[in-house]
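Remarks on the structure that follows.
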């Protein structure tokens, strides 16, 4: 029997049962994987093809584009890294009867082994070692007993109940939570139709992408009109209109809050699987806020509609990617034996790893399956665990950064290179023009989480103290972290021993908060420079807030490097305005440096407004004129009078 005929039998078998199958290939060499990809494309020409290298396919990092849609076959072609978020997301788009084909990168890794070992326990998840073994695996699937499953009637009983409540209580905001494949979008579309909306008077609908709302719009039968959320927030003429939000977890939380404030939000649907953008902490945070801000009714859909309840692929995915929060054991009194354990995730038992991931997922709004892959495969990532017996009561995720190779330091300082996995030395090196930071060995605290029943009991500070002691034994130059500034998070770090040395100027799109970098020196040289950078940061924040700024900064160490970076075209004007103002305030400066409009030194006026005030043709032209002025000052030095 030909492969095509065998595959047709498999598809028929799966479709009758409304179950899915996964075939995972693990080629040993790149040339073998290229041949494998070509054969799979020939075998499944209609499959949605994602790749992390091939230009004529859909890029793997664009996996969110397909959320809300359904497919019969998807090929995930990994050549460089296994994108775990994409694996979770696209698997959820495959309907019962469909097949996911996965080609793993050549070489070995802990996360790859985890995937392959997981395939040993589930009959419809097959690890195909070599192409010639595919017929045997297809035959094994065909021979697997799968009970027939009829396609569900729409709406299902649970959907009909939600629709009834939505149409009965029109003034409430209805929050619909469900895992993927439960019919959230279909429910919203049918509810819109049942509520009497029509093409003559449609309700507004938004989602992360137009495609994500396709199912909703189909079932709304003309009663809904899609508008991108950024357009909704820019067009005040529609403020107050009724709105439905689909795939909400892929929209930043602060944007959802703005939509709720400007529109009469009737319904919000979201999954909490943790790969759509905001992660698992999203549901808890958003639900708490929503209940405080309006009358909210929560609904849940549990029965899968896209595939049968007997489908095993969902359980496999939850297990291998640790998508579900595992129950945490209640900790006993922690005054007894508590030990600090610094370890790589690949060395942990599955039970301990599950506890670690549960704490991280529960605590952080942007956790995702890619975190698990990074922790298992990247040798620069480590975990500091606080253990009470075999219970993880605290976890500190740490990344080793620096030193940056000598030949890359100047390109980083000039902004010509952006290196992965070097956040702290790169950010401080570039934005503060501090080359010494590039040569340091850093430990960056990526995330820190405490058992929910032990919060505010000093567990976090205890972990930081242990990490500080460990870092000193490893000849680390500095500890650091980067996070979105909120009052609660900032309050914690203010007791940590770290100090703020830089604050960004733009809000993070996902968190809605401005990011800050905090650090602590561990050597004489790093302590001295970090102290100087702390003083610079405090002075700049004071200037931004219109407060009195102390004139005690070390100009040569912290201020002049920023001006030089601006003059040489590395830094934008927004990064240099305070340094310019400070030079003028502290000393009599070059006359041309001082002969600028006062607006230049008003932090409330942004760069675009400055360009208009100075009647420049463009911002680039205006900034280039200013670069020449600063360059002239740096060349000749300050003169009096």
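Which fully enclosed helices (runs of 4 or more DSSP H) of the range 564-623 have 2 or more residues being buried (at least 18 other Cβ atoms within 10 Å of the Cβ) and modelled with pLDDT of 85 or more?
577-586
Which residue pairs have Cβ atoms closer than 6 Å, lie 6 or more positions apart in sequence or on different chains, and pair a first residue in the range 41-56 that is surrounded by fewer than 17 Cβ atoms within 10 Å (Cβ to Cβ) with a second residue that is part of a loop (DSSP other than H, G, I, E, B)?
Filtered contacts from the range 41-56: 53/79.
Inspect all residues belonging to the range 128-145 and state whether any of them is within 32 Å of the chain's Cα centre (by Cα) and either outside any helix (DSSP H, G or I) or crowded, with 16+ Cβ neighbours inside 10 Å (or both).
yes
Out of all the residues in the range 323-330, is one or more within 29 Å of residue 80 (Cβ to Cβ) and in contact (Cβ under 8 Å) with a residue 12 or more places away in the chain?
For the range 323-330, residues within 29 Å of residue 80 (Cβ to Cβ) and in contact (Cβ under 8 Å) with a residue 12 or more places away in the chain: present.
Return yes or no: is residue 366 within 18 Å of the chain's Cα centre (by Cα), under 14 Å from residue 110 (Cα atoms) and surrounded by fewer than 22 Cβ atoms within 10 Å (Cβ to Cβ)?
Here the answer is no, as residue 366 does not meet what is asked.
Taking residue 505 as the residue in question, decide whether it is over 31 Å from the mean Cα position of the chain (by Cα), within 25 Å of residue 604 (Cβ to Cβ) and assigned by TED's automatic domain parsing to the domain that holds residue 401.
Taking the combined requirement at face value, the residue does not satisfy it.
Quick check on residue 421: is it closer than 26 Å to residue 86 by Cα and either under 21 Å from the mean Cα position of the chain (by Cα) or buried (at least 16 other Cβ atoms within 10 Å of the Cβ) (or both)?
Yes; evaluated as a whole, the condition is true for this residue.
Here are 67, 9, 43, 36: which of them is on the phi < 0 side of the Ramachandran plot and in contact with a strand residue (DSSP E or B) (Cβ under 7 Å, 6 or more places away or on another chain)?
The conditions single out 36.
Please determine, by comparing only the residues of the range 518-546 that are free of Cβ contacts under 8 Å to residues at least 40 places away in the same chain and touching a helix residue (DSSP H, G or I) at 6+ places or on another chain (Cβ under 8 Å), which one is nearest to residue 491 (Cα to Cα).
Within the range 518-546, the match that is nearest to residue 491 (Cα to Cα) is 518.
For the range 373-382, state whether one or more residues are closer than 26 Å to residue 87 by Cβ, at pLDDT 95 or above and crowded, with 23+ Cβ neighbours inside 10 Å.
Yes - at least one qualifying residue is present in the range 373-382.
Tell me the residue from 476, 448 that is in contact with a strand residue (DSSP E or B) (Cβ under 7 Å, 6 or more places away or on another chain), in contact (Cβ under 8 Å) with a residue 24 or more places away in the chain and in a loop (DSSP other than H, G, I, E, B), please.
476
Out of curiosity, is residue 482 surrounded by 15 or more Cβ atoms within 10 Å (Cβ to Cβ) and assigned by TED's automatic domain parsing to the domain that holds residue 414?
Answer is yes for this residue.
Can you tell me which of 445, 428 is surrounded by 22 or more Cβ atoms within 10 Å (Cβ to Cβ), out of contact with any helix residue (DSSP H, G or I) (no Cβ under 6 Å at 6 or more places or on another chain) and assigned by TED's automatic domain parsing to the domain that holds residue 350?
Step by step, each of 445, 428 is checked, and only 445 is surrounded by 22 or more Cβ atoms within 10 Å (Cβ to Cβ), out of contact with any helix residue (DSSP H, G or I) (no Cβ under 6 Å at 6 or more places or on another chain) and assigned by TED's automatic domain parsing to the domain that holds residue 350.
Would you check which residues across the range 66-89 are outside any loop (DSSP other than H, G, I, E, B) and surrounded by fewer than 17 Cβ atoms within 10 Å (Cβ to Cβ) and list them?
71
Of these, 516, 471, 525, 532, which one is loosely packed, with under 15 Cβ neighbours inside 10 Å and either part of a helix (DSSP H, G or I) or assigned by TED's automatic domain parsing to the domain that holds residue 446 (or both)?
It is 525.
Of everything in the range 152-173, what is surrounded by fewer than 23 Cβ atoms within 10 Å (Cβ to Cβ), in contact (Cβ under 8 Å) with a residue 40 or more places away in the chain and under 29 Å from residue 235 (Cβ atoms)? Give them in sequence order.
Hits for the range 152-173 are 169, 170, 171, 172, 173.
Which number in (1) part of a helix (DSSP H, G or I); (2) over 30 Å from residue 209 (Cβ atoms); (3) touching a residue at least 24 places away in the same chain (Cβ under 8 Å) marks the one condition that residue 31 misses?
With (1) part of a helix (DSSP H, G or I); (2) over 30 Å from residue 209 (Cβ atoms); (3) touching a residue at least 24 places away in the same chain (Cβ under 8 Å) applied to residue 31, the lone miss is (3).
The values are calculated or read from the model by the stated rules, or taken from the named source; none is laboratory data. This structure is a prediction, so every number in the text was calculated from the model and none was measured. A quick note on method: Cβ atoms are made from the backbone with ideal geometry, for glycine too, and the neighbour counts reach across all protein chains shown.
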